[in-house]
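*Asks:* Dropping the structure in here first, questions after.
Computed from the coordinates by the stated procedures, all read-outs in this text should not be read as laboratory data. Here the structure is a predicted model, which means the values were calculated and not measured. Glycine gets a Cβ as well: all are built from the backbone with ideal geometry, and neighbour counts include every protein chain shown.
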Amino acid sequence: MRRFDHVGVPTGQEQAGEMYVAATKVWVTDPLRDAHRIEYLRFEPDSPVRGPVRDLPHVAFRVDNLEREIEGAEILLGPFQATPTLRVVFVLRDGAVFEFMESAAEGHWFTGSEPNRIVLTI
């Protein structure tokens, strides 16, 4: 089953409440704190993320089985551990970027909710 989670938008501007994802060297915001479910992504200059994942917005869905979602898909990035309980993969379908997220824990995937930056070490 797929459940809509957020729309990711790349930005070069620092945002309040960012969380650092060490695996991709990107700062992300909590889409639950945005009225339109937007997650802002700010990439470090040396981030290994290139191409459409870095340059285009994406639509993210929570899924029950990541492997089933990526069968036959054009994988752009991953799968990788974004947080200790969240595996994600980015794929390209019909010229659009999609993120599929599989969580091993209940609740929201964003680590912390205080307005300060949170550094997540993986």
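*Asks:* Which ordering of Thr85, Thr29 is given by a fewest-first count of other beta-carbon atoms within 10 Å?
*Replies:* Details: Thr85 14, Thr29 22.
Placing the least packed residue first, the sequence is Thr85, Thr29.
*Asks:* Moving to a separate point now. Taking the Cβ of Arg87 as the centre, find all other residues whose Cβ is under 14 Å away and add up their charges (Lys, Arg: +1; Asp, Glu: -1).
*Replies:* -4
*Asks:* Could you work out which residue, out of Arg42, Arg87, Arg68, moves most in a Gaussian network model of the chain, that is, has the largest mean-square fluctuation with Cα springs under 10 Å?
*Replies:* Most flexible of the set in this elastic network: Arg68.
*Asks:* Sort Ile75, Ile38 so that the residue with the fewest other Cβ atoms within 10 Å of its own Cβ comes first and the one with the most comes last.
*Replies:* Ile75, Ile38
*Asks:* Over the chain, what relative contact order in percent results from Cα pairs under 8 Å that are six or more residues apart?
*Replies:* Relative CO of the chain lands at 29 percent.
*Asks:* Quick one: net charge around Met1, please, counting Lys, Arg +1 and Asp, Glu -1 for every other residue with C-beta under 10 Å from its C-beta.
*Replies:* On the way: positive: Arg2, Arg3, Arg62; negative: Asp64.
After counting each charged neighbour, the total is +2.
*Asks:* Something else now. What number, rounded to the nearest 500 deg cm²/dmol, is the helix-based mean residue ellipticity at 222 nm of the chain, given -39500 (n - 2.57) per DSSP H run of at least four residues and division by all its residues? The partial results should precede the final answer.
*Replies:* Working: 2 runs with 9 residues, N = 122.
Mean residue ellipticity, 222 nm, calculated: -1000 deg cm²/dmol.
*Asks:* Next up: In sequence order, what are the phi-derived ³J(HN,Hα) couplings for the stretch 30-39 according to the Karplus relation 6.51 cos²θ - 1.76 cosθ + 1.60 with θ = phi - 60°, rounded to whole Hz, with x for glycine and proline?
*Replies:* Calculated HN-Hα couplings, in order: 7, x, 6, 8, 10, 4, 10, 6, 8, 10 Hz.
*Asks:* I've got another one for you. How would you order 17-25, 43-51 from highest to lowest mean count of nearby Cβ atoms within 10 Å?
*Replies:* Ranking, from highest mean packing down: 17-25, 43-51.
*Asks:* Further question: Taking the Cα centre as origin and putting +1 on Lys and Arg beta-carbons and -1 on Asp and Glu beta-carbons, what dipole magnitude results for the chain, to the nearest 20 debye?
*Replies:* Details: 13 positive and 19 negative charges, 13 e Å.
Its charge dipole is roughly 60 debye.
*Asks:* With P(r) over Cα pairs in 5 Å bins from 0, in percent defined as stated, name the option among [x] 2, 11, 18, 17, 13, 11, 9, 8, 6, 4, 1, 0; [y] 2, 10, 20, 23, 19, 14, 8, 4, 1, 0; [z] 2, 11, 22, 28, 22, 11, 3, 0 computed from the structure displayed.
*Replies:* [z]
*Asks:* Next question. Net charge near Ala96: determine it from the other residues with C-beta under 14 Å of the C-beta of Ala96, scoring Lys and Arg +1 and Asp and Glu -1.
*Replies:* -3
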